[in-house]
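Written below as structure tokens is the structure these notes are about.
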Amino acid sequence: MKMQKIGIIGPGENLCTKELYEFGVNLGHQLAARERVIVCGGKGGFMEAVCKGAKLSSNTFDGQTIGILPEDTGENANPFVDITIPTGMGIARNIIIINTADIIIAAGGGSGTLSELAFAWQKNKKVLCVTGFGGWAKQLAGANIDERNKGLFVEVTGIADILKYL
């Protein structure tokens, strides 16, 4: 059985609203399955919420949540990350998240999310862009950045849409 690696991108602690955090917990709970792992930046906000939801599910397993951290230690990972990968690369670690993921879910997001979306586009990775929380995920949902690719940023409105697509 091949594991599906789902990348999670969105705002960190400072930009994540209470509504987006709650959505993330529900999303993580629904994503938890034996054939899926969650790959994220390993920090707070939306990343933490999705990891938390997965770990609260009865379907979770050790090693299901992976945090690709910007620091050179794992000390600052959110408490719901099973596997920490400290890179010491700062924001350059965003390319590792995108390269690792088979498919990406984006919600909200500021400049860090924008860089991850640009990397996803350049790497020809499908991104499910949740439109209900603003940010770059909403702004780029359904858009084409340039002529190299088409249709990579798929507009989704909620968890049911995401699960149908996966």
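In table form, for the structure just shown:
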read-out	value
Centroid-to-centroid separation of segment 115-135 and segment 35-88 [C-alpha atoms, Å]	19 Å
Helix-only mean residue ellipticity at 222 nm for the chain, each DSSP H run of n ≥ 4 adding -39500 (n - 2.57), per residue, nearest 500	-10000 deg cm²/dmol
Sorted largest first, extent of segment 111-159 alpha carbons per principal axis (Å)	27, 21, 15
Relative packing of 73-81, 100-108, 44-52, which averages over residues the other C-beta atoms within 10 Å, highest first	44-52, 100-108, 73-81
Cα-Cα P(r), the chain, percent of pairs per 10 Å interval	12, 45, 36, 7, 0
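Computed from the coordinates by the stated procedures, all read-outs in this text should not be read as laboratory data. Worth saying up front: this structure is predicted, and the values here are computed from it rather than measured. Note: ideal-geometry Cβ built from the backbone for every residue, glycine included; neighbour counts use all protein chains shown.
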